[in-house]
Amino acid sequence: MPNEFKTIKLDLKDGLTTITLFRPPLNIINLEMLGEISEALDNSVDSSRVLLIKSGLDGVFSAGADVKEHLPEKVDTLITEFNRVVWKIISYPRPTICVVEGRCLGGGMELAMGCDFVIAVEGAEFGQPEIRVGAFPPVAAALYPRLSGLRAATMLILTGRTIDARQAKALGYVNEVVACEKLDAAVDELVKSLIQNSAAVLACAKKAIIESLNMGVENALRKASEIYLKELMKTEDAVEGLKAFIEKRKPQWRNR
């Protein structure tokens, strides 16, 4: 796939799709970048087994969304497009990983939190400073209470406070914190642990998780069971995995 993007880089290799944010100096997220991320997500899904989002700049993942595009002339379009892209990441039918080095603020943190897994380097910083410029982060308001609970989400959103990677992990925003020199190994290990599973089964499992987010427990149980029986059990890999376990052999995934 030709890479003609201006604000990101897209790489597809061996089932791993990598979207690298690259808009110097701070990876400020504007409408152009949102459009390119959206296009990359759409174009990669059929050939992707795992999606990785990272920064191509030293010391920063993203310092947030473009403040100029928050003004009345463009804010409707910005918020609509930003929400659409974050939901595409949340509902992407493959496992998603975000790697955070340096500052991850405002819209940058919201983008990262849309991923299934977040790996942060020691010293990385997270925060939602919008309240300090007379705004609030809509994605954070909707998503963060589900990630960390009400108290932690309220603290970030209403104070604009910045927290470090260890604090973010303790609050549930980050899965793993690693030293810089161990980052590549940690990412590789997670990618391999995901790619070794059936893409078809992973897609069903992720769908069950996402579709249950807005449901009560009883309805979520019903929906997860419906996906299991009507979608998962119709895949070749579900039957293959069960037979392989019974026959004490390694499953041969067909990813369908």
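The values are calculated or read from the model by the stated rules, or taken from the named source; none is laboratory data. Here the structure is a predicted model, which means the values were calculated and not measured. Counting neighbours? That spans all protein chains shown, and the Cβs are built from the backbone with ideal geometry, glycine included. To get the accessible areas, we keep the full protein, side chains included, count just its heavy atoms, and leave off ligands, DNA and RNA. Shrake-Rupley method; radii C 1.70, N 1.55, O 1.52, S 1.80 Å.
Annotations
- Scanning segment 1-36 for residues that are over 17 Å from the mean Cα position of the chain (by Cα) and of a type in the set (S, T, N, Q) returns 3, 7, 30.
- Taking segment 15-31 as the range and being out of contact with any helix residue (DSSP H, G or I) (no Cβ under 8 Å at 6 or more places or on another chain) and farther than 14 Å from residue 107 by Cβ as the test, the residues that pass are 18, 20, 22, 24, 25.
- Output for segment 176-186, where each listed residue is closer than 16 Å to residue 102 by Cβ and surrounded by 13 or more Cβ atoms within 10 Å (Cβ to Cβ): 177, 178, 183
- Set 166, 222, 151: member being assigned to a helix (DSSP H, G or I) and either touching an Asp or Glu at 6+ places or on another chain (Cβ under 9 Å) or under 27 Å from residue 84 (Cβ atoms) (or both): 166
- The numbered conditions (1) touching a Leu at 6+ places or on another chain (Cβ under 8 Å); (2) farther than 20 Å from residue 98 by Cα; (3) open to solvent by 60 Å² or more (accessible area, probe 1.4 Å) are all true for residue 233 except (1).
- Test: residue in segment 72-84 that is at pLDDT below 95 and of a type in the set (Phe, Trp, Tyr): yes
- Residue in segment 110-128 that is surrounded by fewer than 16 Cβ atoms within 10 Å (Cβ to Cβ) and not hydrophobic (A, V, I, L, M, F, W, C) present: yes
- Pairs where the first residue, in segment 79-97, is closer than 18 Å to residue 141 by Cα and among the charged types (D, E, K, R) and the second is in a helix (DSSP H, G or I) and open to solvent by 40 Å² or more (accessible area, probe 1.4 Å), C-beta under 9 Å, 6+ apart: 81/31; 88/42
- Unmet requirement for residue 171, which otherwise passes all of (1) crowded, with 17+ Cβ neighbours inside 10 Å; (2) modelled with pLDDT under 95: (2)
- Residue 170 being among the small types (Gly, Ala, Ser), without any contact (Cβ under 8 Å) to a residue 24 or more places away in the chain and in contact with a Pro (Cβ under 7 Å, 6 or more places away or on another chain): no
- Of the candidates 198, 225, 212, the single residue that is small (Gly, Ala, Ser), surrounded by fewer than 17 Cβ atoms within 10 Å (Cβ to Cβ) and at pLDDT below 95 is 225.
- Residue within segment 42-58 that is modelled with pLDDT of 95 or more, among the polar types (S, T, N, Q) and within 17 Å of the chain's Cα centre (by Cα) present: yes
- The sole residue among 149, 134 that is without any contact (Cβ under 8 Å) to a residue 60 or more places away in the chain, farther than 22 Å from residue 99 by Cα, within 19 Å of the chain's Cα centre (by Cα) and open to solvent by 20 Å² or more (accessible area, probe 1.4 Å) is 149.
- Just one residue in the set 191, 178 is β-branched (Val, Ile, Thr) and in contact with a Leu (Cβ under 8 Å, 6 or more places away or on another chain); that residue is 191.
- In segment 172-217, the residues that are touching a strand residue (DSSP E or B) at 6+ places or on another chain (Cβ under 7 Å) and not β-branched (Val, Ile, Thr): 173, 175, 176, 180, 183, 186, 190, 194
- Single residue of segment 230-256 satisfying the filter (within 29 Å of residue 143 (Cβ to Cβ) and part of a helix (DSSP H, G or I)) that is nearest to the chain's Cα centre (by Cα): 232
- Residues in segment 30-44 that are surrounded by fewer than 21 Cβ atoms within 10 Å (Cβ to Cβ), touching a Ser or Thr at 6+ places or on another chain (Cβ under 8 Å) and under 25 Å from residue 206 (Cα atoms): 44 alone.
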